[in-house]
1. Could you pull out the residue among Ser110, Ser127, Ser61 that is among the small types (Gly, Ala, Ser), closer than 25 Å to Phe37 by Cα and out of contact with any Phe, Trp or Tyr (no Cβ under 8 Å at 6 or more places or on another chain)?
2. Being out of contact with any helix residue (DSSP H, G or I) (no Cβ under 7 Å at 6 or more places or on another chain) and charged (D, E, K, R) is the filter here, so list the residues in the stretch 158-191 that pass it.
3. Looking at (1) surrounded by 16 or more Cβ atoms within 10 Å (Cβ to Cβ); (2) among the polar types (S, T, N, Q); (3) over 19 Å from the mean Cα position of the chain (by Cα); (4) modelled with pLDDT of 95 or more, can you tell me which one Asn158 breaks?
4. Find all pairs meeting these conditions: Cβ atoms under 8 angstrom apart; at least six residues apart or on different chains; first residue within the stretch 50-64 and more than 15 Å from Leu129 (Cα to Cα) and without any contact (Cβ under 8 Å) to a residue 12 or more places away in the chain; second residue surrounded by 13 or more Cβ atoms within 10 Å (Cβ to Cβ) and hydroxyl-bearing (Ser, Thr, Tyr).
5. Determine which member of the set Val227, Val270, Val294, Val277 is in contact (Cβ under 8 Å) with a residue 60 or more places away in the chain, over 24 Å from Asp13 (Cα atoms) and of a type outside the set (Phe, Trp, Tyr).
6. List the number of the failed condition for Gly177; all other conditions in (1) of a type in the set (Gly, Ala, Ser); (2) under 16 Å from the mean Cα position of the chain (by Cα); (3) not in a loop (DSSP other than H, G, I, E, B) hold.
7. Could you tell me which numbered condition Leu49 fails, if it satisfies all but one of (1) surrounded by 13 or more Cβ atoms within 10 Å (Cβ to Cβ); (2) under 24 Å from the mean Cα position of the chain (by Cα); (3) at positive phi?
Amino acid sequence: MSAAHSIPITIADTLIDLASPLSADELGITQRLGPFFGRPDNPLAHVALRWQESIEPPIPSGDVIYDAGVVWRMHRATVPGVGEVYEAALHHQSDSRSALVKAVLRANPSWDDLTLTERRSGPSWGSLLAISAGELILRAAIVLTGGLMFHASGLDDNGQGVLFLGHSGAGKSTQAGLWRQEPGVLVMNEDRMAVRADEQGARCYGTPWGGTAGHVLNHAAPLAGIVVIEQGPENGIEPILPAAAASLLTARAYLPYWDPALMRRALGNVNAMLSKVPVYRLRCRPEPAVIPLVRSLYRTPAP
């Protein structure tokens, strides 16, 4: 089948130029990725992605170099006429609970020339581009333009971006719910946020993957601060020195462990972010009193 459809998808200033014989609706990606459809004038990263159908379940080539469990495994292979490639075997769980390969995502080392091979299965089928494949593409591609994706919630407080990091259950979604009631606040995402640093500062971006809440917003804001949340009996906030903050950020970032060169870039991106954005530890109760406490970090008090 020829690539009859050209579907531009832009997430965190990363343009994924999708060529597919199926439309976005036929691929089943419109509901999740639709708010991110579009082609910006000057994207910071450009990825060419071809979708192709396989009659049989796709099979990755090469050796396994990283195993992310039941979601995906990364292979590395040398393809004649192409050279070294990465092939991510994307899985799903069958009724027997054994992991089956549902799609194979092939990428060149710079993650800007990709092919997603999938087998359609049943009327409710949907491309993994809307979930695990799309997320993996962004996680790798954004590293090469100064960025990272974090397990975090994020919001725009009247033009000031705030990122809340924390382990599951720490209170990221609770904070999003509290802040959502404030005038001028836009909650961008409650589970996956992208951040990119440059010479001017840093920006945070909403992504299509919002966790169980499913709240996503295609929006970006200058990042004023990163807040690491911990539950506590009293509300209090304190700065974290960059040396200590680095390990907290990397523990909550989605890092390209399968590629040493990409890992070096990713860790360099963490250091760049820490040179541009302050990081704080917030110990708090789940109550609205936390909002003015956080705002005191970046808002100038009224005279």
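The values are calculated or read from the model by the stated rules, or taken from the named source; none is laboratory data. Everything numeric here is computed off the predicted structure, so don't read it as measured data. Here the Cβ positions follow ideal geometry from the backbone for every residue, glycine too, while neighbour counts run over all protein chains shown.
1. Numbers: Ser127 fails: out of contact with any Phe, Trp or Tyr (no Cβ under 8 Å at 6 or more places or on another chain); Ser61 fails: closer than 25 Å to Phe37 by Cα.
Checking each option against the conditions leaves just Ser110.
2. Lys172, Arg180, Asp191
3. The one condition Asn158 does not meet is (1).
4. none
5. On the way: Val227 fails: over 24 Å from Asp13 (Cα atoms); Val270 fails: over 24 Å from Asp13 (Cα atoms); Val277 fails: over 24 Å from Asp13 (Cα atoms).
Among Val227, Val270, Val294, Val277, only Val294 is in contact (Cβ under 8 Å) with a residue 60 or more places away in the chain, over 24 Å from Asp13 (Cα atoms) and of a type outside the set (Phe, Trp, Tyr).
6. With respect to (1) of a type in the set (Gly, Ala, Ser); (2) under 16 Å from the mean Cα position of the chain (by Cα); (3) not in a loop (DSSP other than H, G, I, E, B), Gly177 is out only on (2).
7. So Leu49 meets the others, but not (3).
Conditions (1) in contact with an Asp or Glu (Cβ under 7 Å, 6 or more places away or on another chain); (2) under 25 Å from Leu33 (Cβ atoms), marked per residue:
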| residue | (1), (2) |
| --- | --- |
| Val85 | no, yes |
| His91 | no, yes |
| Val101 | no, yes |
| Glu118 | yes, yes |
| Ala140 | no, yes |
| Ala152 | no, yes |
| Leu163 | no, yes |
| Gln175 | no, no |
| Pro183 | no, no |
